[in-house]
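Worksheet for the structure shown next.
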Amino acid sequence: MAEGAASCKIARMSAQQITPQLRQWIIEQATAGHTPDSVLQAMLDSGWQEEVAVQAMEQTLEAHLRGQGQLEALKAGLPPESKPLPEPELQQSPSTLNISGHEVKVLLNMQDPRVVVFGGLLTDEECDQLMAQAGSRLARSETVKNETGTSEINEARTSDGMFFQRGENALCERLERRIAELLRWPVENGEGLQVLRYRPGAEYKPHYDYFDPAQAGTATVLKRGGQRVGTLVIYLNTPAKGGATTFPDIKLEVAPVKGNAVFFSYDRPHPATRTLHGGAPVIEGEKWVATKWLREGRFE
Ligand code: PD2
Ligand code: ZN
């Protein structure tokens, strides 16, 4: 459980009304793992009347947390129940995993944040085929617009991209099954594979892959499969220079190597997960990746 909630700087109206901003602040504190007691105390410390503060907490948190199955744990002062996450079988620190006859190397295994680097997840032929299938369908990448849940061109992401439908063809199906077995997460909970191509100078500025609960458009996006809980970025080629996947919070840089992949998971949509990550600018050559995002529920 995190320490006491941050001080409540939400402006108090003279009548001490429960505003949308106050509700949002309460949800943010809860998502960061603060107990209801500490959130309440932070409100009292900044001058909220106890009656209003308690009512705001009840109204906001009960509805929000019941949906996440965390209300009872928080009321009891327990850390939020750790939810199931995609997770490879690495209990005995194997150097290789046999995934239905396909050998995958374990190159890095970090617990907190959860980051695993795999070697040889795809064969060179699979990488080449995926790039060939995606090539003619590439368009300037869009990202989800936070306010509305729709897509927009984003200067922070200067790559070209496309999405395959899940199970769109035999190769996609085979890779989806391999990823599901590797990460022990249902095929049905995965988004379709996304392929990105970065030309020299192109990059993906550091970001989180989960949907920001504070943004208005998130409710719409979450209707289809709930939150993202894990990401697998697979390198389809080896750029001559640049293009590492970076994790600024932990000062980790993963080199893009054809067929290798980096996996990371996040148990809550919050920076406390330290899963900020980006694609560093490509300096020479092109960089191609396939990204698999994993949802908490069925993505239909
Ligand atoms: O291409 C990458 O290294 C990269 C970096 C950050 C890909 C993504 N994010 C992504 O697809 O979300
Ligand atoms: Zn990302």
Computed FRET value (nearest 0.05) for residue 96 with residue 16, which takes r as the C-beta separation and R₀ as 45 Å: 0.15
Theoretical gain in end-to-end length, residue 257 to residue 214 [0.36 nm per residue, Cα-Cα removed]: 11.9 nm
Percentage relative contact order, the chain, counting C-alpha pairs under 8 Å, at least six apart: 19
9 Å beta-carbon shell around residue 183, net charge (K/R +1, D/E -1): 0
Separation of alpha-carbon centers, segment 242-276 and segment 187-218, rounded to whole Å: 12
Principal axis box of the chain, alpha-carbon based, largest edge first, Å: 65, 42, 36
Among 49-57, 29-37, 268-276, the order from most to least packed when residues are scored by Cβ within 10 Å on average: 29-37, 268-276, 49-57
Cα-Cα over 26 Å, subset of 251/287; 223/251; 205/292; 105/205: 223/251; 105/205
Per-residue [θ]222 nm for the chain (sum of -39500 (n - 2.57) over DSSP H runs n ≥ 4, rounded to 500): -8000 deg cm²/dmol
Within a Gaussian network of the chain (alpha carbon springs, distance under 10 Å), most fluctuating of 250, 179, 27: 250
Alpha-carbon gyration tensor eigenvalues x 5, square-rooted, for segment 247-300, Å: 23, 17, 9
Segment residue 45-residue 205, length gained on full extension (0.36 nm per residue, minus Cα span): 53.8 nm
Rounded to the nearest 20 debye, dipole of the chain from Cβ charges on Lys, Arg, Asp, Glu: 440
Approximate spin-label separation residue 187-residue 165, in nm, with each point projected 7 Å along Cα-to-Cβ: 1.5
Rounded, prolate or oblate (a/c below 1.5 giving rounded, otherwise prolate when a/b exceeds b/c) for segment 122-262 by Cα gyration tensor: rounded
Low-density loop positions, trypsin sites (Lys or Arg not before Pro), segment 205-261 - DSSP coil, at most 11 other Cβ in 10 Å: 223, 251
Computed over segment 168-240, Kirkwood Rh from alpha-carbon pairs, angstrom: 14.8
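Quick note: the coordinates plus some simple rules give every number you see, no bench work behind them. Note that this is a predicted model, so its numbers are computed, not measured. Note: ideal-geometry Cβ built from the backbone for every residue, glycine included; neighbour counts use all protein chains shown.
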